[in-house]
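Step one of this worksheet: look at the structure below.
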Amino acid sequence: MLGIEDCLAEVMAIPGALDAVLIDQTSGMAVATGGGSRHTDAEKSAAGLSEILRATLDGLAVASPGGTIRIRDMIITTDDGHHLLRPLETVFNGPLVIHVRLDLNRSNLALARHRLQALSDCLITT
């Protein structure tokens, strides 16, 4: 099992990764950050990303026949990059979300998704 700091170091090793944050999904607070830009406020980003994920889950649950849904990962593409969010069911207290921001021109989205999945599996293994 990877520790949080090791996991974020591995996330930052993904080609094109600009920054990463591990978010407590319940509170919306940043648990840990990696990389980073002086233009990014990790706490505000964590709170906003947590709300985006929560709103998406609520909307999809309403639209789903069974009324419940589980998101494996979420991709948001902006003018200057990709944002990957991956919810984790962890052995820690409460659900966590890994968010990584990728450079639009230097990243390979498929590779990043694959690496993030493998890393999240290592993080949650008991």
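The values are calculated or read from the model by the stated rules, or taken from the named source; none is laboratory data. Remember, it's a predicted structure, so these values are computed and weren't measured experimentally. As a convention, Cβ positions derive from the backbone with ideal geometry for all residues, glycine included, and neighbour counts pool all protein chains shown. Note: accessible area is taken over every heavy atom of the protein model, side chains too, but ligands, DNA and RNA are not part of it. Shrake-Rupley method; radii C 1.70, N 1.55, O 1.52, S 1.80 Å.
Before moving on, here are some points about what is shown:
- Between the range 12-74 and the range 96-126, the alpha-carbon center distance in angstrom: 12
- Among Val97, Val31, Val62: highest mean-square fluctuation, GNM of the chain, C-alpha pairs under 10 Å: Val62
- Rolling a 1.4 Å probe over the heavy atoms of the protein chains gives the chain an accessible area of 56 Å² per residue.
- Once the C-beta distance of Met29 and Ala118 is scaled by a Förster radius of 35 Å, the resulting FRET efficiency is 0.85 to the nearest 0.05.
- For the range 1-76: relative contact order, % (alpha-carbon pairs under 8 angstrom, 6 or more apart): 19
- With all protein chains in place and ligands, DNA and RNA left out, the 1.4 Å accessible area ranks Arg101, Arg106 as Arg106, Arg101, largest first.
- Inter-site label distance for Arg54 and Met12 at 7 Å from Cα along Cβ, in nm: 2.9
- Per-pair calculated FRET efficiency, R0 = 22 Å: Glu5 and Arg106 via Cβ, rounded to 0.05: 0.35
- Structure-derived log10 I(q)/I(0) by the Debye sum over Cα atoms at q = 0.14, 0.17, 0.20, 0.22 Å⁻¹: which label, when the choices are [x] -0.55, -0.75, -0.95, -1.09; [y] -0.57, -0.85, -1.17, -1.39; [z] -0.83, -0.99, -1.14, -1.21: [y]
- Choice from Leu53, Leu22, Leu96 showing the highest fluctuation, given a GNM over the chain with Cα pairs closer than 10 Å: Leu53
- Share of carbon and sulfur in the accessible heavy-atom surface of the chain [1.4 Å probe, %]: 53
- Each residue, Ile69 and Thr40, gets one label point 7 Å from its Cα in the Cβ direction; the gap between the two is 2.6 nm.
- Accessible surface, 1.4 Å probe, highest first, among residues Thr68, Thr78: Thr68, Thr78
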